[in-house]
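The values are calculated or read from the model by the stated rules, or taken from the named source; none is laboratory data. Predicted, not measured: the structure shown is a model, and the values here were computed from it. Note that we place each Cβ from the backbone using ideal geometry, even for glycine, and neighbour counts take in every protein chain shown. Surface accessibility is based on the protein's heavy atoms, side chains included, excluding ligands, DNA and RNA. Shrake-Rupley method; radii C 1.70, N 1.55, O 1.52, S 1.80 Å.
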2 protein chains.
Amino acid sequence: MSTKPKRALSGCPIDYALSVLGDRWSLLIIRDIAIKGSKTYADLLDGWEGISTNILAQRLRHLEENGVIRKRKNPANWRSSLYELTPKGRDLAPLLAELVLWGGKFNDARDPKTETYASVRSDRQGFERKILGEESA
Amino acid sequence: MSTKPKRALSGCPIDYALSVLGDRWSLLIIRDIAIKGSKTYADLLDGWEGISTNILAQRLRHLEENGVIRKRKNPANWRSSLYELTPKGRDLAPLLAELVLWGGKFNDARDPKTETYASVRSDRQGFERKILGEESA
DNA sequence: ATTTTTCACTTGCAATATGCAAGTTTATAG
DNA sequence: CTATAAACTTGCATATTGCAAGTGAAAAAT
């Protein structure tokens, strides 16, 4: 997925989804917010995969422009911002679950992180509900 | 997703999944094979989005190396090859369904293609079964 | 009062990836 | 022989990525 596709979208829902999410980083950022509980720019910068700061900023902007995440001031510490999923972003919960299931099933990494995979397998409903939270705006 | 990530994978199942599928084209190719029924290189070349030939070749190689698709000779017409999903590729059926549902729900294209979205909504089981086919090797 | 630290980015630049057009290969059909 | 078809490959200009360093604004430390 590209962040700003030059070509027109085809109208296919998958093409649309990929125009928002289809790159190497967007879904990892969403994972960090949705599953790991990352909230600040600094949290996101030091995720497992080591995204570089310019790419992180660019992707956050793109995801915000596309209504998947939103940025707010931290009420406790005014100088930090908090990133969070919008309802549209929370609606990605089932997609995240499927990604985890497929990735976990075929993952051939030397030292796979099996925790999330196990948790989705044992209680998928719970996993999704945790991300979906209350259905507010 | 990149085709050949230089950086080591983190072990996270999502990171693994994205190392295979996380780019602008791979899932569109898989969609064309799984949903549209494209089988040959030429079929795939003239999909809705207009992938260029070098990128198509590169992605097919990557997907094949990662066990998602396989290439065979066409028994009827020996000089054409047929691309098809492996069991690992067919296991993407639920992920494709979720992509369609999410993409279809939020798609803001001028002229959205709503057919697949409608079909997944009305009969998700049937949609997935059509891709999963018989559970063979 | 000055220096340091923190947070959230931006900027510069080299390396890599993408996209377009044209060319290649192999083999049969006319 | 010449043309056609299928599946790619190659060249090259442009776009995107990634690394390292820098910026700005305000609070905390000295």
ask   = So which residues in segment A:83-99 are in contact with a Ser or Thr (Cβ under 9 Å, 6 or more places away or on another chain) and open to solvent by 30 Å² or more (accessible area, probe 1.4 Å)?
value = A:87
task = Kindly list, by first and then second residue, each pair from a residue in segment B:96-116 that is free of Cβ contacts under 8 Å to residues at least 12 places away in the same chain and farther than 26 Å from residue A:101 by Cβ to a residue that is open to solvent by 20 Å² or more (accessible area, probe 1.4 Å) and part of a loop (DSSP other than H, G, I, E, B), limited to pairs with Cβ atoms under 6 Å and residues at least 6 apart or on different chains.
result = B:109/A:9
message = Restricting to segment A:76-129, give me the number of residues that are assigned to a helix (DSSP H, G or I), charged (D, E, K, R) and out of contact with any helix residue (DSSP H, G or I) (no Cβ under 9 Å at 6 or more places or on another chain).
response = 1
request  = Report whether or not residue A:103 is at the interface with chain B (Cβ under 8 Å from one of its Cβ atoms) and either of a type in the set (S, T, N, Q) or open to solvent by less than 40 Å² (accessible area, probe 1.4 Å) (or both).
outcome  = yes
query = Is it the case that some residue within segment B:45-54 is at the interface with chain A (Cβ under 8 Å from one of its Cβ atoms), open to solvent by 40 Å² or more (accessible area, probe 1.4 Å) and closer than 29 Å to residue A:92 by Cβ?
reply = yes
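Yes/no per residue for (1) at pLDDT 95 or above; (2) more than 14 Å from chain A (Cβ to nearest Cβ); (3) surrounded by 15 or more Cβ atoms within 10 Å (Cβ to Cβ):
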{"residue": "B:12", "(1), (2), (3)": "yes, no, yes"}
{"residue": "B:16", "(1), (2), (3)": "yes, no, yes"}
{"residue": "B:21", "(1), (2), (3)": "yes, no, yes"}
{"residue": "B:25", "(1), (2), (3)": "yes, no, yes"}
{"residue": "B:28", "(1), (2), (3)": "yes, no, yes"}
{"residue": "B:41", "(1), (2), (3)": "yes, yes, yes"}
{"residue": "B:63", "(1), (2), (3)": "yes, no, yes"}
{"residue": "B:69", "(1), (2), (3)": "yes, no, yes"}
{"residue": "B:74", "(1), (2), (3)": "no, yes, no"}
Hits in segment B:46-64 (condition: within 25 Å of residue B:98 (Cα to Cα) and either of a type in the set (Asp, Glu) or in a helix (DSSP H, G or I) (or both)) = B:46, B:49, B:56, B:59, B:60, B:62, B:63, B:64
key: Flag for residue A:15 being under 21 Å from residue B:55 (Cα atoms), free of Cβ contacts under 8 Å to residues at least 40 places away in the same chain, within 13 Å of DNA strand C (Cβ to nearest atom) and assigned to a helix (DSSP H, G or I)   = yes
